[in-house]
Amino acid sequence: NAGVTQTPKFQVLKTGQSMTLQCAQDMNHEYMSWYRQDPGMGLRLIHYSVGAGITDQGEVPNGYNVSRSTTEDFPLRLLSAAPSQTSVYFCASIASGGAGTGELFFGEGSRLTVL
Amino acid sequence: AQSVTQLGSHVSVSEGALVLLRCNYSSSVPPYLFWYVQYPNQGLQLLLKYTTGATLVKGINGFEAEFKKSETSFHLTKPSAHMSDAAEYFCAVRGGSSYKLIFGSGTRLLVRP
């Protein structure tokens, strides 16, 4: 039972570099989302998707790009990394029909440091 | 729009003492409320949730929370703290038919021996 899988778990970047955080789920969940976690600020929603081909912005989308070509995968791209993007990133998904009452399932997180 | 306020970024209790973590929410529609726990270097795990019906909700590991609409609160309690309860706890709210879950800033629970 893999659930939500994130890679890499750790990454160090230099300012201006680009990278992609990968997220895959094997539960056939329609809804997937990316959060960033910073001390004292809880989790803030970056982008989300309600199905293949459909994405939308969350609370803090600037500097990030997403796409959803399959139900399983929802990668998060940093086009030009900045120190302010140093954070722990979590991918989470929810089953179709789970709007409202459904539980979010989380990956284990990806810790990104931008120098 | 929805928002969550968690009072106290750190709460310290003695082992065996009552745990009380406070959460107040704001929602323009009837809310669905959640408590998640995060152990060090791990993702978040659902403790309990309120959807409809009984306002006192029981979760895993002996935790429970009560939805009080008049106070817009959803405080988390546990009668007797255990060392293994040391973690960070997040309250979250979702409104209506939305998928989006909005989190509070978290409360770190410390349990003293």
Item checked: Residue identified as within 11 Å of chain A (Cβ to nearest Cβ), at pLDDT 95 or above and more than 11 Å from the chain's Cα centre (by Cα) among B:ARG112, B:ARG108 -> B:ARG108
Check: Residues in the range B:61-105 that are within 12 Å of another protein chain (Cβ to nearest Cβ), under 22 Å from B:SER12 (Cβ atoms) and not aromatic (Phe, Trp, Tyr): how many?
Finding: 4
Notebook entry, point to check: Which is modelled with pLDDT under 90, surrounded by 14 or more Cβ atoms within 10 Å (Cβ to Cβ) and outside any strand (DSSP E or B), of A:GLY102, A:GLY40?
Noted result: A:GLY102
Notebook entry, point to check: Got at least one residue in the range B:84-100 being free of Cβ contacts under 8 Å to residues at least 60 places away in the same chain and over 24 Å from A:CYS91 (Cβ atoms)?
Noted result: yes
Margin query: For the range A:43-61, give me the residue count where each residue is facing chain B (nearest Cβ under 9 Å) and not in a strand (DSSP E or B).
Written below: 2
Notebook entry, point to check: Taking the range B:60-113, which residues are touching a Phe, Trp or Tyr at 6+ places or on another chain (Cβ under 8 Å), among the small types (Gly, Ala, Ser) and outside any loop (DSSP other than H, G, I, E, B)?
Noted result: B:ALA65, B:SER73, B:ALA87, B:ALA92, B:GLY95
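Within the range A:62-76, identify whether any single residue is free of Cβ contacts under 8 Å to residues at least 40 places away in the same chain, of a type in the set (Val, Ile, Thr), outside any loop (DSSP other than H, G, I, E, B) and away from chain B (no Cβ under 14 Å), and answer yes or no. Walk me through how you get there before you give the answer.
Just the residues of the range A:62-76 that are free of Cβ contacts under 8 Å to residues at least 40 places away in the same chain, to begin with: A:62-70.
Applying the additional criterion that residues be of a type in the set (Val, Ile, Thr) yields A:66, A:70.
Retained after the next criterion (residues that are outside any loop (DSSP other than H, G, I, E, B)): A:66.
Then keep just the ones that are away from chain B (no Cβ under 14 Å); that gives A:66.
Yes, the conditions are met somewhere in the range A:62-76.
Test A:GLY40 against the criterion of being in contact (Cβ under 8 Å) with a residue 40 or more places away in the chain and within 11 Å of chain B (Cβ to nearest Cβ), and give yes or no.
Numbers: in contact (Cβ under 8 Å) with a residue 40 or more places away in the chain: no; within 11 Å of chain B (Cβ to nearest Cβ): yes.
Considered against the rule, which asks whether it is in contact (Cβ under 8 Å) with a residue 40 or more places away in the chain and within 11 Å of chain B (Cβ to nearest Cβ), A:GLY40 comes out as no.
The values are calculated or read from the model by the stated rules, or taken from the named source; none is laboratory data. This structure is a prediction, so every number in the text was calculated from the model and none was measured. Note that we place each Cβ from the backbone using ideal geometry, even for glycine, and neighbour counts take in every protein chain shown.
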